[in-house]
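Trainee: Have a look at this one before I ask anything.
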Amino acid sequence: MISIKKLSIAFLICCCCCANGAHASSIAFSEEQLFIVKKQNMGKQWLMLLWSVDCPPCFKELAIIQKLQSQHDNLAVVVINTDADDDITKERIDIIKKFELGKLSHYHFIDGQSDQSRYIIDSNWYGELPRSYFFESNGEFHGKSGLVDEVILTHWLVL
Amino acid sequence: MLIMIRTLLQVITITSLMLTATLTAAVEHNHQAMALKEVQAGNCEKTEITCAKTVTTAFSPNGDLWRLWTLNSILYFQMSADNGLTFSTRRSVGIDKEKISARNENRPKIAFDKYQGVYLSWATPREKKYTADVRFAYSNDYGKTFTKAITVNNDNLLTGHSFNEMLVTDDGDISIVWLDSRLAYQLRKEGKQTNGSALYIGKANYRKNQTTFSNQPLANNTCVCCRIAMDFNNNNELAVFWRHIYGDNIREFALLTLSQDENAQPLPYQVSHDHWQINGCPHQGGAISINDNNRYHMVWFNQGDLGKGIFYASSSDQGKTLTQPISVGVQSAQAAYPHLNTNGNKIDIVWTQFTGTEHELWHQRSNDNGKSFSAAELLAISSKGSDRPFIIKKGNVSYVSWHRLKQGHLVQAL
C-alpha cells in the first residue's frame, strides 16, 4: 500500500518536473525529425542553426539568437547540436540554459552518428561550424558556414 | 489491491492529462516545440579501446607499437610486438585521474627516446568553458611508472591551452606545440579586439633535469580548433604546420621552420591559397612529413572559393615555394581528414570518405617523391563512426592507424 502510494507520488513529481522542463528538452535528430520540422515550418522563413560545444564562434551566434529572442516572440529558429556524444549531454543542456534558448526547438545528433546526421541535412557540408541554413517559405534553403552577422540574422528572422 | 491499482491508474491518468495540458501550453507558446524525448547520456563504463573516441599510436625505438586512449579521466595503453596483430594486456597510466581532452582534433600524444623513456602529453579542460592546460608526464622505465603530471603552459591563466602536439628526439629533447589563448585573454582584458589563438612551443629535457618547459610564442592569430602538425627536417630543425587566420577570417595553412639559431625570428609562409573565408571552426588540421632529401610534404583540407577538398603539395625550400597542389580523394564523396607520411621517395596519403551510411578509409601512394600518385585504393570500412586516420612508420614500412568508434582499432601495413 505504502509502496504504491510512494510510486504514485514519485510518478506525479516526475511528470510535473518533465512538464516544467519541456522547453529545455532536445530531440534526437533523425531523417524523420528533419522531415517533420521542415513540414512544420513550411510557409514561413526560418533558420536552422547547427552548433557544437567545441566551437567558440557558435556561442557568438547563439548569443545573437538570445538577443533577438529577448526582443521578439516566436523566433523561427531550430537549434541542432552536432556533437553526437552522450558524454557532453549535460554540457549541451547547460549551454542552452545559459543562453536562455530553452523556448526554441532543440535537436541533437545521436551518439556516434555525427556524419550520418550531417549527411542527411546536406551531403555537401563537411562539418565546419557554426552552420546556418536559411529556409524560405517555400522550403528552399541555402547553407552558410561560419558566424552569421547579426544584421543578416535580424533581417531574416524579424524584418 | 484492485482498488489500489485503480487509484494508481487514476493518478497516472490525471497526471498524464496534466502533462498533456502543460505540453499543449508549451506547444501553443512555441508551436515548434515537439514531443519530449531525450537520449540518456551513455555511460561507457568500460575501459576497452572500442569505447574510446580517439586512439593515438606510435612505434617505440625497439619496434613496439603503442596505442593510447582515454576513458573516464584515465589514460590507457597497450603494446604490440607484432605491428598491431596482438596487443599486451591493457594498462592504465600511473598518474592521478584528471579530465583529458580526446575528441575530434584533440587527443593525447605519446613519444619515446632511445633510453626506454616514454613521454605523454594531453590537454585537460579547466573549470571554465574553453579553458584548458597542456599537461605532461614522463616515464623512464618504459611505462611502468610515470612522473606526476605537470602543466606545460606557464602563464597560470584560466584560458585556452590545448591542441598539443609533441615530438621527442632520441636523446630526450621534448618539443610540445599548442594553441594558446593567453595573448587573446590579455587583449580582451584591455578591451581590445583579437581573433584566434597563438601558436606556442615548450621545450624541456627530463634526462638532463630540465623539467620546466620553456614557453615561446611562434605565431599569433591561429585558428582555434584545428590540430597542429610538425616534423623535424634534415637539420634537426622543427617545422610546424597549422591553420592560420589571414585578413578577414581567411583560414589558410601556414608553415614555419624553427632555426637552430634560437635568436633567429621564425618566418612563416602561407602554404594554402584556397581562400576559405569562415568565421568558424573547420575542425580539420593538416599533416606534414619531411623526407630524406629535406623536401617538406603536406596535405590539408579546405572549402574555399579557390580550392575545395584535400590537397597535397611539397616544398624544397621550407615552404617559400610550393609545387602545384594536387587534389586528393573525391570531394563529392566527402573526402576529408587527410594524413600523410614519407618513407624515402614514397609518399603515403590516407583520408576518409563517407557514403552517407559508412565511412571509408582510402590510400594513395607516390613512389617518385610526390610527382605522381597511384590510383586511390579503398582500405577499410566503418559502419559506426570514424576517428581521424594517421600514418605511422616503422623502419621502411608505413602503417595506417584508424580507430572505428564502437567497432575497433585498425592497424594495417600500407
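The values are calculated or read from the model by the stated rules, or taken from the named source; none is laboratory data. The model shown is predicted, which means the values in this text are computed figures rather than measured ones. No Cβ is skipped: glycine too gets one built from the backbone with ideal geometry, and neighbour counts run over all protein chains shown. Surface accessibility is based on the protein's heavy atoms, side chains included, excluding ligands, DNA and RNA. Shrake-Rupley method; radii C 1.70, N 1.55, O 1.52, S 1.80 Å.
Trainee: Given the criteria under 30 Å from B:E360 (Cα atoms), hydrophobic (A, V, I, L, M, F, W, C) and free of Cβ contacts under 8 Å to residues at least 40 places away in the same chain, does A:I121 qualify?
Mentor: no
Trainee: Of all residues being open to solvent by 10 Å² or more (accessible area, probe 1.4 Å) and within 14 Å of chain A (Cβ to nearest Cβ) in the stretch B:277-289, which is nearest to the chain's Cα centre (by Cα)? Just the residue, please. Before the answer, list the steps.
Mentor: Residues of the stretch B:277-289 that are open to solvent by 10 Å² or more (accessible area, probe 1.4 Å), as a first pass: B:277, B:279, B:283, B:288.
Cutting the leftovers down to within 14 Å of chain A (Cβ to nearest Cβ) gives us B:277, B:279, B:283.
Values: B:Q277: 22, B:N279: 21, B:H283: 9 Å.
In this case the residue turns out to be B:H283.
Trainee: Further question on the same structure: Return only the number of the condition from (1) modelled with pLDDT of 95 or more; (2) farther than 30 Å from B:S316 by Cα; (3) not charged (D, E, K, R) that B:C223 does not satisfy.
Mentor: Tallying (1) modelled with pLDDT of 95 or more; (2) farther than 30 Å from B:S316 by Cα; (3) not charged (D, E, K, R), B:C223 fails exactly one: (2).
Trainee: Of all residues in the stretch B:65-94, count the ones that are open to solvent by less than 30 Å² (accessible area, probe 1.4 Å) and either farther than 26 Å from B:G395 by Cα or in a loop (DSSP other than H, G, I, E, B) (or both).
Mentor: 5
Trainee: Any idea how many residues of the stretch B:199-253 are under 27 Å from B:H283 (Cβ atoms) and basic (K, R)?
Mentor: 3
Trainee: OK, next. What is the number of the single condition among (1) under 28 Å from B:C226 (Cβ atoms); (2) at pLDDT 95 or above; (3) out of contact with any Asp or Glu (no Cβ under 7 Å at 6 or more places or on another chain) that B:R126 does not meet?
Mentor: Among (1) under 28 Å from B:C226 (Cβ atoms); (2) at pLDDT 95 or above; (3) out of contact with any Asp or Glu (no Cβ under 7 Å at 6 or more places or on another chain), B:R126 violates only (3).
Trainee: Looking at the stretch B:197-315, what strands (runs of 3 or more DSSP E) fall wholly within it and have at least 1 residues that are in contact with a strand residue (DSSP E or B) (Cβ under 6 Å, 6 or more places away or on another chain) and of a type in the set (G, A, S)?
Mentor: B:197-204, B:216-222, B:229-232, B:238-246, B:250-258, B:287-290, B:308-315
Trainee: Specify which of the listed residues (B:T212, B:T194) is open to solvent by 30 Å² or more (accessible area, probe 1.4 Å) and touching a helix residue (DSSP H, G or I) at 6+ places or on another chain (Cβ under 6 Å).
Mentor: B:T194
Trainee: Right, here's the next one. From the list A:T89, A:T82, which one is open to solvent by less than 20 Å² (accessible area, probe 1.4 Å) and under 19 Å from A:W46 (Cβ atoms)? Spell out how you get there, then give the answer.
Mentor: On the way: A:T89 fails: under 19 Å from A:W46 (Cβ atoms).
Unique residue meeting the criteria: A:T82.
Trainee: Right, something else. Within the stretch B:95-111, restricting attention to residues that are in a loop (DSSP other than H, G, I, E, B) and within 14 Å of chain A (Cβ to nearest Cβ), which residue is most open to solvent (accessible area, probe 1.4 Å)? So that I can check it myself, show each step before the final result.
Mentor: If we filter the stretch B:95-111 for residues that are in a loop (DSSP other than H, G, I, E, B), which is where we start, we get B:95-102, B:104-105, B:107-108.
Okay, now just the ones that are also within 14 Å of chain A (Cβ to nearest Cβ), so B:99-102, B:104-105, B:107.
Working: B:K99: 129, B:I100: 27, B:S101: 22, B:A102: 22, B:N104: 66, B:E105: 9, B:R107: 9 Å².
If we take residues in the stretch B:95-111 being in a loop (DSSP other than H, G, I, E, B) and within 14 Å of chain A (Cβ to nearest Cβ), then B:K99 is most open to solvent (accessible area, probe 1.4 Å).
Trainee: For the stretch A:62-93, what are the residues that are part of a helix (DSSP H, G or I) and at the interface with chain B (Cβ under 9 Å from one of its Cβ atoms)? Let's see the steps before the verdict.
Mentor: To start, the set of residues in the stretch A:62-93 that are part of a helix (DSSP H, G or I) comprises A:62-71, A:86-93.
Passing the criteria: A:D86, A:D87, A:I88, A:T89, A:K90, A:E91, A:I93.
Trainee: For the structure I just gave you, tell me whether A:I152 is over 30 Å from B:R404 (Cβ atoms) and of a type in the set (A, V, I, L, M).
Mentor: Criteria met by A:I152.
Trainee: Looking only at strands (runs of 3 or more DSSP E) that lie completely in the stretch B:333-414, which have at least 3 residues being surrounded by 20 or more Cβ atoms within 10 Å (Cβ to Cβ) and in contact with a His (Cβ under 8 Å, 6 or more places away or on another chain)?
Mentor: B:346-354, B:397-404
Trainee: Here is a check on your reading of the model: is A:I110 outside any loop (DSSP other than H, G, I, E, B) and either under 16 Å from the mean Cα position of the chain (by Cα) or surrounded by fewer than 22 Cβ atoms within 10 Å (Cβ to Cβ) (or both)?
Mentor: no
Trainee: Looking at B:K320, B:K308, which is the one that is modelled with pLDDT of 95 or more and within 14 Å of another protein chain (Cβ to nearest Cβ)?
Mentor: Exactly one of B:K320, B:K308 is modelled with pLDDT of 95 or more and within 14 Å of another protein chain (Cβ to nearest Cβ), namely B:K308.
Trainee: Give the residues of the stretch A:132-144 that are open to solvent by less than 40 Å² (accessible area, probe 1.4 Å) and either in contact with a Gly (Cβ under 6 Å, 6 or more places away or on another chain) or at positive phi (or both), sorted by residue number. Walk me through it before giving the result.
Mentor: Of the stretch A:132-144, the ones open to solvent by less than 40 Å² (accessible area, probe 1.4 Å) are A:132-135, A:139, A:143.
Within the stretch A:132-144, A:Y133, A:G139 qualify.
Trainee: Still on this structure: Taking A:V151 as meeting all but one of (1) open to solvent by 60 Å² or more (accessible area, probe 1.4 Å); (2) in a loop (DSSP other than H, G, I, E, B), write down the number of the exception.
Mentor: It fails just one condition, (2).
Trainee: Restricting attention to the stretch B:291-310, which residues are of a type in the set (A, V, I, L, M, F, W, C) and surrounded by fewer than 24 Cβ atoms within 10 Å (Cβ to Cβ)?
Mentor: B:L306
Trainee: Determine the pairs where a residue that is within 11 Å of chain A (Cβ to nearest Cβ) and closer than 9 Å to B:S197 by Cα, located within the stretch B:215-226, has a partner that is among the β-branched types (V, I, T) and open to solvent by 20 Å² or more (accessible area, probe 1.4 Å) with Cβ atoms under 9 Å apart, the partner being 6 or more residues away or on another chain.
Mentor: none
Trainee: Which pairs turn up if I take residues in the stretch A:58-74 that are open to solvent by 40 Å² or more (accessible area, probe 1.4 Å) and look for partners that are among the aliphatic types (A, V, I, L, M) with beta carbon separation below 8 Å, at least 6 apart in sequence or on another chain?
Mentor: Within 8 Å, the pairs are A:K60/A:L147; A:Q66/A:L101; A:Q71/A:V158; A:H72/A:L157; A:H72/A:V158.
Trainee: Sort through B:T342, B:T321, B:T257 and tell me the only one that's free of Cβ contacts under 8 Å to residues at least 24 places away in the same chain and among the β-branched types (V, I, T).
Mentor: Details: B:T342 fails: free of Cβ contacts under 8 Å to residues at least 24 places away in the same chain; B:T257 fails: free of Cβ contacts under 8 Å to residues at least 24 places away in the same chain.
Only one candidate passes the filter, namely B:T321.
Trainee: Does B:D317 meet the test of being open to solvent by less than 10 Å² (accessible area, probe 1.4 Å) and among the charged types (D, E, K, R)?
Mentor: The answer is no for B:D317.
Trainee: Here's a follow-up. Among the numbered criteria (1) of a type in the set (A, V, I, L, M, F, W, C); (2) farther than 29 Å from A:S114 by Cβ; (3) not in a loop (DSSP other than H, G, I, E, B), which one does B:L322 miss?
Mentor: Against the list (1) of a type in the set (A, V, I, L, M, F, W, C); (2) farther than 29 Å from A:S114 by Cβ; (3) not in a loop (DSSP other than H, G, I, E, B), B:L322 comes up short only on (3).
Results for (1) buried (at least 24 other Cβ atoms within 10 Å of the Cβ); (2) more than 16 Å from B:T56 (Cβ to Cβ); (3) without any contact (Cβ under 8 Å) to a residue 60 or more places away in the chain, shown as yes or no for each residue.
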{"site": "B:D133", "(1), (2), (3)": "yes, yes, yes"}
{"site": "B:T145", "(1), (2), (3)": "no, yes, yes"}
{"site": "B:A149", "(1), (2), (3)": "no, yes, yes"}
{"site": "B:N153", "(1), (2), (3)": "yes, yes, no"}
{"site": "B:T159", "(1), (2), (3)": "no, yes, yes"}
{"site": "B:F163", "(1), (2), (3)": "yes, no, no"}
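Trainee: Moving on. Return the pairs, sorted by first residue and then second, in which the second residue is open to solvent by 20 Å² or more (accessible area, probe 1.4 Å) and not in a strand (DSSP E or B), the first residue lies in the stretch B:62-73 and is farther than 20 Å from B:Q116 by Cα and among the small types (G, A, S), the beta carbons are less than 8 Å apart, and the residues are 6+ apart or on different chains.
Mentor: B:S73/B:K97; B:S73/B:E98; B:S73/B:K99; B:S73/B:I100
Trainee: Listed residues B:R188, B:R182, B:R207; which is closer than 29 Å to A:G146 by Cβ and touching a Gly at 6+ places or on another chain (Cβ under 9 Å)?
Mentor: Working: B:R188 fails: touching a Gly at 6+ places or on another chain (Cβ under 9 Å); B:R207 fails: closer than 29 Å to A:G146 by Cβ.
Testing whether each residue is closer than 29 Å to A:G146 by Cβ and touching a Gly at 6+ places or on another chain (Cβ under 9 Å) leaves just B:R182.
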